[in-house]
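Structure record follows, encoded as structure tokens.
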Amino acid sequence: MGIERTLVIVKPDAVAKGVAGKIISRFEEAGLRILAAKLVHLTHEQAAGFYIVHRERPFYRSLCAFMTQGPCIPTVLEGDNAISRVRDLMGATDPAQAAPGTIRREFAASIEANAVHGSDSPESAAFEIPYFFDALEISAR
Ligand code: ADP
Ligand code: MG
């Protein structure tokens, strides 16, 4: 609760489709502030490290391949209750299960190519934000 920071990634499928701006707008319209952003094409090793918590899952290799298929846009967003608010705006992992009006319902193609990532807890955010951004790359606003 209170002001939180969260790591959001506009995933490669959404960047390739040209909907990155629309997705980032959803967060801005909800009052979240962008503190950092960049476009990066992940190596397999970088994707595997980011998703290390999923290493035992059957979809891990495929997920890492998907995340390296083109550039993505990691961002740090800040706002009141940002972690759970971002998760609500994103919708369920599987776009077929995502509520109408959510980002994944509108922009995701499949349970894997699902347009956006958002940290799922303060502990995840504390790992994920410095995975992509040095302290000097994150602006106070
Ligand atoms: P979320 O991104 O909603 O937190 P998870 O942490 O469970 O979802 O999974 C991480 C990512 O792995 C998902 O966003 C999606 O890209 C991919 N993924 C999850 N479940 C599957 C699955 N059953 N098959 C293929 N890819 C999956
Ligand atoms: Mg997750």
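Quick look at the values:
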{"item": "Environment charge of Ala96, counting only residues whose C-beta is closer than 14 Å and scoring Lys/Arg +1, Asp/Glu -1", "result": "-1"}
{"item": "Proximal aspartates and glutamates to Lys22, defined as alpha-carbon separation beneath 19 angstrom and excluding residues fewer than eight positions away on the same chain", "result": "Asp13, Glu78, Asp88, Glu106"}
{"item": "CD proxy at 222 nm, helix term only [per DSSP H run n ≥ 4: -39500 (n - 2.57); per residue of the chain; nearest 500]", "result": "-10500 deg cm²/dmol"}
{"item": "Pairwise centroid distance, computed over Cα atoms, of the stretch 118-139 with the stretch 12-33, Å", "result": "18"}
{"item": "Gained length - Asp80 relative to Glu123, 0.36 nm times residue gap less alpha-carbon distance", "result": "13.8 nm"}
{"item": "Extension gain (nm, one decimal) between Ala92 and Lys22, 0.36 nm per residue minus Cα-Cα", "result": "23.4 nm"}
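FYI, it's all coordinate maths here, none of it is from the lab. Worth saying up front: this structure is predicted, and the values here are computed from it rather than measured. Every residue, glycine as well, gets a Cβ built from its backbone with ideal geometry; the counts of neighbours run over all protein chains shown.
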